[in-house]
Structures are given as structure tokens and as C-alpha cells.
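Here it is, the structure, as C-alpha cells.
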Amino acid sequence: MVQGTLEVLLVGAKGLENTDYLCNMDPYAVLKCRSQEQKSSIASGKGSDPEWNETFVFTVTHNATELIIKLLDSDSGTADDFVGEATIPLEAIYTEGSIPTTVYNVVKDEEYRGEIKVGLTFTPEDDRDRSFSVEGIGGWNQSS
């Protein structure tokens, strides 16, 4: 079983649908990998083309098949607006080790709503750190 850390570089987004009609929206991202969830900072007033340049680290196993990034607009006083989401398959990251910054489609209601730029790095956990040799265990050695 492959296990390790997934490092996600959230660079930015472009061409997002502005959900605030009177002013620029204040977008942020929620990154989810299986049951782990992390939230970016709010790009206040950045509108349709926010930049974050933030890194997030997840502990993953090979059965984590996708990373979901939901984009929302922070609204004070009312519920935050859902802007769209990107689903990033993780199969390639386990064999490649890293995927350079790549553009993924942001989708809402099965329609294109912009793009998000993300870089991925997977660092496998070293199995040798967790194993031990029989010789290393205390006790007696048979003398010859």
C-alpha cells in the first residue's frame, strides 16, 4: 500500500464567474482529499482572477483517488456562494511523484466556469522507517 504526503500548491484561478454583482467577489478554496479538508485564505476583492500561492499538505494512501477543490465567494452576512469545483485525479501522482503546475477546469452544474492552476507533489513514506530487523532486537545471539 502506497502511503505518503501529498503537497498541493494552489496558485490561482482565472475567468471565474463573478457571483457578486455589485462588486468583486472574495474567493477562497476548500481542498478535500477523502476525509481531510483544508481551506485557503480569502482573496479579498480579487474577483474572477484570484491568486493564492498557498501550499497544503495531506496524508494520503493509494486509495485516495482524487482531490476536489471547491471555490466559494466569501459573503459577510449571507451564506457563501458556490463558484464551482475542480476534480483532480491522483493516479498519475503516485507514479510520477510530481505534476508541475497544471490548469484544471472549474465546473458548476456541468458547465465550464473558469480554470484553476494547481501543482502536485507526492512523497512516499519510507517503509524501512517502520520495519526492523530481527538482529536489531535485544536478546541473545547464539555463539558458534
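The values are calculated or read from the model by the stated rules, or taken from the named source; none is laboratory data. A quick note: this is a predicted structure, and the numbers were derived from the prediction, not measured. So basically every Cβ, Gly included, is an ideal-geometry build from the backbone, and we count neighbours across all protein chains shown. Quick note on the areas: whole protein, heavy atoms, side chains included, nothing else; ligands and nucleic acids left out. Shrake-Rupley method; radii C 1.70, N 1.55, O 1.52, S 1.80 Å.
Does V30 satisfy the criteria of being part of a strand (DSSP E or B) and open to solvent by less than 30 Å² (accessible area, probe 1.4 Å)?
Yes: the conditions hold for V30.
Could you give every pair whose Cβ atoms fall below 9 Å, whose first residue belongs to segment 98-115 and is farther than 18 Å from W52 by Cβ, and whose second residue is open to solvent by 70 Å² or more (accessible area, probe 1.4 Å) and not in a strand (DSSP E or B), counting only separations of at least 6 or pairs across chains?
K108/E17
Further question: For the structure I just gave you, tell me whether Y104 is surrounded by 15 or more Cβ atoms within 10 Å (Cβ to Cβ) and of a type in the set (F, W, Y).
Considered against the rule, which asks whether it is surrounded by 15 or more Cβ atoms within 10 Å (Cβ to Cβ) and of a type in the set (F, W, Y), Y104 comes out as yes.
Right, something else. Restricting to segment 50-71, name every residue that is within 24 Å of R113 (Cβ to Cβ), touching a Phe, Trp or Tyr at 6+ places or on another chain (Cβ under 9 Å) and open to solvent by less than 70 Å² (accessible area, probe 1.4 Å).
Correct list: P50, W52, L67, I69, L71.
Given the criterion under 30 Å from T123 (Cβ atoms), at pLDDT 95 or above and not hydroxyl-bearing (S, T, Y), identify the matching residue among L16, L9.
Unique residue meeting the criteria: L9.
May I pose another question? If a residue must be modelled with pLDDT under 95 and either at positive phi or of a type in the set (A, V, I, L, M, F, W, C) (or both), how many such residues does segment 61-89 contain?
Counting residues in segment 61-89 that are modelled with pLDDT under 95 and either at positive phi or of a type in the set (A, V, I, L, M, F, W, C) (or both) gives 3.
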